[in-house]
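Chemist: For reference, the structure I am asking about is given below.
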Protein chains: 2
Amino acid sequence: MAGIKEVAERAGLSIATVSRALSGKGPVSPASRERARAAAAELGFVPSYQASSLASGRTRNIGLVVPTVRRWYFASVVEGVSAALLDAGYDLTLYNITEGAVRRRSILQDFLLRKRVDAVIAVALALTEDEIGQMLAIQRPLVGIGGPLPGASTIRIDDHGLAESATNHLIRLGHSRIAHITGDSVYEQDFRIPRTRRAGFEKAMMAAGLPVRPSWVVKADFTIEGAYAVARDLLGGTSERPTAVFAASDEMAIGTILAARDFGLRVPEDLSVLGMDGHELGDLFGLTTIDQDPRGQGALAVSLLLEGFDGGTERAVVDTEYPTRFAIRRSTAVPPA
Amino acid sequence: MAGIKEVAERAGLSIATVSRALSGKGPVSPASRERARAAAAELGFVPSYQASSLASGRTRNIGLVVPTVRRWYFASVVEGVSAALLDAGYDLTLYNITEGAVRRRSILQDFLLRKRVDAVIAVALALTEDEIGQMLAIQRPLVGIGGPLPGASTIRIDDHGLAESATNHLIRLGHSRIAHITGDSVYEQDFRIPRTRRAGFEKAMMAAGLPVRPSWVVKADFTIEGAYAVARDLLGGTSERPTAVFAASDEMAIGTILAARDFGLRVPEDLSVLGMDGHELGDLFGLTTIDQDPRGQGALAVSLLLEGFDGGTERAVVDTEYPTRFAIRRSTAVPPA
DNA sequence: GCAGGGAATGAAAGCGCTTACACCGTTCAA
DNA sequence: TTGAACGGTGTAAGCGCTTTCATTCCCTGC
């Protein structure tokens, strides 16, 4: 393996000049730059990451913490972050902390703090103030996507307001028997999104003078399967049935549509279904939803971070509300007569 | 930030002893070990990754190259790899090379070669021999999951044989009008799986003396939506319709089931549908499939790698055939009378 | 009682880069 | 004409660890 020393020898330059030539920092004459480049190319030289990190203090590596990559939303964020980082020549270290609190603790401590990353992007995680403090204490910018991170920059959508207007959409169509599928306790612990969306739903219902029946606010695990199971209970019983379901995620809305079909319920004639997120399957199911473009949010998080690196020392805490789009498709309509 | 030097001072030991005590390598008296541990804990010391990598040559970081994380299969592999790596105290650097050849080239060269990873796991990628050679040349083990990597270790399932026996399952049920949904050209370029599965399908058909109608071997992009679209064409036409569809992935099988439902076709009474992979939604759709546990494959890849690190210099190239399970559910039955 | 062998430890030499600093030769304004 | 300013370059001091090697000390066997 050729090192910078060999390149310098071959180019007839000092290693300092080669370093400057290849990194683009510092003044180097065009002639030297070209010779350094040529020598590096001939030897197939690739600078050692650990050496340059150690010397410069920058790793060109970003940590991305997600609860899972098996939900569409998270996978989309990961792709957005990954693509933006690749373009910028950064590496992405993925921390998939499915296993919960214990693992998460050790990740934050043993991994993120090991100066291995220049910054951290946390998706939908409600970190404690302690945890946030630790990150900031070691001078590593932290940006949160889809989750409130007091003291850190965040990119998020207005979950409360959007859930409210989604519910209002149903109410305006004439629905009064509206059920809501929210997240279950596992999710509530780490993320505040289900709770926030539920609050928006309840607010809209109250404002319209409509009852929020406890039995019509059901919990599921944010998957198609999970929502399918609870939607079967909701729709299959002999008791009165809702005319509309607002699910806190598109996956749960899709599960609801599938359950409805099982009972011969037509969507939207017999049941309106409204989702939230902008899932790639929304089109196929004609799902009305609020599209939040998680891929774009991931890319934006990277831009913010990289800007901060260049911009200098401004460690501004910005809270960006990401724009959404209300995609009205076929799954919502006026209630049955 | 406390460094090993501060820890050594506090513990009243040399930095060499502290290093040995904390890493567990080399002889250290129990008393010193304890003092080093205590001092490190008090100072919140976490060793610098780049420094130890630079000094030791090991990064404790594994590169994982995937074409996307938005398919269930890949996301599952990522989770399997991630969990295993986290347990072992390794980092995972994710290279999501959705964008194709150009990006992939620069990733392999600029990133993987920068000595940033101890090993690489490539999922479903048909790397060229050149690319494989480069990796091996720099002494970095390479293991492939779900794709043939000549010269490197691989974990894979018997795509050809399994596609064959899946097809035979349909044939034994009495089907003779069997369609196959395979991958489209984008996928074929980088991965050999669709082609291999199609070959298995064709072999079984030929062996049974059944015709492989070109119009019944249709291409889709391995997504639910993509397969839904082509399945609508396949099933909705006025011409003769197949009685069974063997899709090269569960997602495509699910798309087929959804398309069938649109036309009022009952599964399996009017149409048998057979998938492959073991998707988490398979249960909901009652999908008969071949379960290949990608999560387990990811975990196995990590074990193989880590074993190799400990085991020593044996750079054995092993080709592991991962066990699968034929999950017979409700989506396949005898053909309509 | 003494050589020989470990175990425990510390000093110090790197690992392969980046960058502060010093230096030289120009250029250009005063 | 002079000196400040600056572009271009090299020297060398680290970055924060790991690991080799030498040293010390204690135990064992003869």
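The values are calculated or read from the model by the stated rules, or taken from the named source; none is laboratory data. Model, not experiment: these values are computed from the prediction. Cβ atoms come from the backbone with ideal geometry, glycine included; neighbour counts cover every protein chain shown.
Chemist: Condition first: closer than 24 Å to A:Arg116 by Cα and either among the β-branched types (Val, Ile, Thr) or in contact with a strand residue (DSSP E or B) (Cβ under 8 Å, 6 or more places away or on another chain) (or both). Now tell me which residues in region B:18-47 satisfy that.
Modeler: Passing the criteria: B:Val18, B:Val46.
Chemist: Hey, can you tell me all the residues within region B:75-85 that are at pLDDT 95 or above and more than 7 Å from chain A (Cβ to nearest Cβ)?
Modeler: Of everything in region B:75-85, those that are at pLDDT 95 or above and more than 7 Å from chain A (Cβ to nearest Cβ) turn out to be B:Val77, B:Gly80, B:Val81.
Chemist: Of the residues A:Ser14, A:Ser56, A:Ser29, only one is hydroxyl-bearing (Ser, Thr, Tyr), more than 10 Å from DNA strand C (Cβ to nearest atom) and more than 27 Å from B:Gln134 (Cα to Cα); which?
Modeler: Checking each option against the conditions leaves just A:Ser29.
Chemist: Out of curiosity, is B:Glu42 more than 12 Å from DNA strand C (Cβ to nearest atom), touching a Phe, Trp or Tyr at 6+ places or on another chain (Cβ under 8 Å), part of a helix (DSSP H, G or I) and not aliphatic (A, V, I, L, M)?
Modeler: no
Chemist: So which strands (runs of 3 or more DSSP E) stay within region A:151-258 end to end and still have 3 or more residues that are over 20 Å from the mean Cα position of the chain (by Cα) and in contact (Cβ under 8 Å) with a residue 60 or more places away in the chain?
Modeler: Counting at least 3 such residues, we get A:178-183, A:244-247.
Chemist: State whether the residues of region B:275-284 include one that is more than 24 Å from the chain's Cα centre (by Cα) and either surrounded by fewer than 24 Cβ atoms within 10 Å (Cβ to Cβ) or within 14 Å of chain A (Cβ to nearest Cβ) (or both).
Modeler: Scanning region B:275-284 turns up no residue that is more than 24 Å from the chain's Cα centre (by Cα) and either surrounded by fewer than 24 Cβ atoms within 10 Å (Cβ to Cβ) or within 14 Å of chain A (Cβ to nearest Cβ) (or both).
Chemist: Within region A:42-60, which residues are away from DNA strand D (no atom under 16 Å from the Cβ) and facing chain B (nearest Cβ under 9 Å)?
Modeler: A:Gly44, A:Val46
Chemist: Spot the failing condition for B:Tyr73; the list is (1) assigned to a helix (DSSP H, G or I); (2) near DNA strand D (Cβ under 7 Å from one of its atoms), and only one is missed.
Modeler: All conditions are met except number (2).
Chemist: Determine whether region A:15-24 contains at least one residue that is of a type in the set (A, V, I, L, M), assigned to a loop (DSSP other than H, G, I, E, B) and within 15 Å of DNA strand D (Cβ to nearest atom).
Modeler: Within region A:15-24 (the criterion being of a type in the set (A, V, I, L, M), assigned to a loop (DSSP other than H, G, I, E, B) and within 15 Å of DNA strand D (Cβ to nearest atom)), the answer is no, since none of the residues qualifies.
Chemist: Another question about this same structure. Please work out if B:Arg35 is more than 10 Å from DNA strand D (Cβ to nearest atom) and assigned to a helix (DSSP H, G or I).
Modeler: yes
Chemist: Does at least one position in region A:266-276 carry a residue that is at pLDDT 95 or above and closer than 16 Å to B:Leu284 by Cβ?
Modeler: Scanning region A:266-276, I find no residue that is at pLDDT 95 or above and closer than 16 Å to B:Leu284 by Cβ, so the answer is no.
Chemist: Same structure again: Of the conditions (1) in contact (Cβ under 8 Å) with a residue 12 or more places away in the chain; (2) surrounded by 20 or more Cβ atoms within 10 Å (Cβ to Cβ); (3) of a type outside the set (Val, Ile, Thr), A:Ala38 satisfies every one except a single condition; which number is it?
Modeler: Failed condition: (2).
Chemist: Follow-up question, since we're still on this one. Here are some residues: A:Arg140, A:Arg192. Which one is of a type in the set (D, E, K, R) and in the same structural domain as A:Glu307 (by TED's automatic domain parsing)?
Modeler: The match here is A:Arg140.
Chemist: Here's another thing I want to ask about it. Kindly list, by first and then second residue, each pair from a residue in region A:1-27 that is within 14 Å of chain B (Cβ to nearest Cβ) to a residue that is within 7 Å of DNA strand D (Cβ to nearest atom) and hydrophobic (A, V, I, L, M, F, W, C), limited to pairs with Cβ atoms under 6 Å and residues at least 6 apart or on different chains.
Modeler: Every condition considered, the pairs that remain are A:Ile4/A:Ile15.
Chemist: Regarding B:Gly3, is this residue small (Gly, Ala, Ser) and more than 10 Å from DNA strand D (Cβ to nearest atom)?
Modeler: Here the answer is no, as B:Gly3 does not meet what is asked.
Chemist: Condition test on A:Val81, is it in a helix (DSSP H, G or I), away from DNA strand C (no atom under 15 Å from the Cβ) and under 33 Å from the mean Cα position of the chain (by Cα)?
Modeler: Judged against the criteria, A:Val81 is a match.
Chemist: Of a type in the set (A, V, I, L, M) and part of a helix (DSSP H, G or I): is that true of A:Val267 in this structure?
Modeler: no
Chemist: Can you say whether B:Thr243 is away from chain A (no Cβ under 14 Å) and more than 30 Å from B:Ala122 (Cα to Cα), as far as the supplied structure shows?
Modeler: Yes.
Chemist: Give me the pairs, please: first residue somewhere in region A:266-280 and assigned by TED's automatic domain parsing to the domain that holds A:Pro242 and in contact (Cβ under 8 Å) with a residue 12 or more places away in the chain, second residue anywhere and assigned to a loop (DSSP other than H, G, I, E, B) and of a type in the set (D, E, K, R), beta-carbon distance under 7 Å, and either six or more positions apart or on two chains.
Modeler: A:Pro268/A:Arg330; A:Gly278/A:Asp293
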